[in-house]
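Worksheet for the structure shown next.
Rule-based calculations on the coordinates, nothing more; no lab input. In this text the structure is predicted, and so the values were computed from the model without any measurement. Virtual Cβ from ideal backbone geometry, glycine too; neighbours counted across all protein chains shown.
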Amino acid sequence: MSDRGALFLFSLFMVVASLGVVVWLLATGQAGTVDGLFMVLTALLTAAVFALYLRFVIGRALEAQAKPAAPAAKPAAAKPEPKAAPAPVGRS
């Protein structure tokens, strides 16, 4: 598996896990406390960060897929450049 694939799956897991934590905190009533509220906000922020990364990765993949493969440009015949004559050294 490529690095991008592993990061994609890890990010997807983090989004789902963070949203699961929020649902769990709401279902158990712990979100009503000050600590629970900050845990909800932290979990939502974590989910948002990884979701933005997923959006970026999917956007780049779609952009790369939409571009047709450009044919390889033929390299121009390399013309050797004339070498410059060395500068004369003055004697002092």
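The table below lists the values:
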item	result
Translational D in µm²/s for the chain (Stokes-Einstein at 20 °C, 1.002 mPa s, Kirkwood Rh from C-alpha pairs)	116
Positive-end residue of Phe50, Trp24, Ala87, charge dipole of the chain with Cβ unit charges	Ala87
Inter-site label distance for Trp24 and Leu54 at 7 Å from Cα along Cβ, in nm	1.8
Least to most buried among Arg4, Arg91 (fewest other Cβ within 10 Å first)	Arg91, Arg4
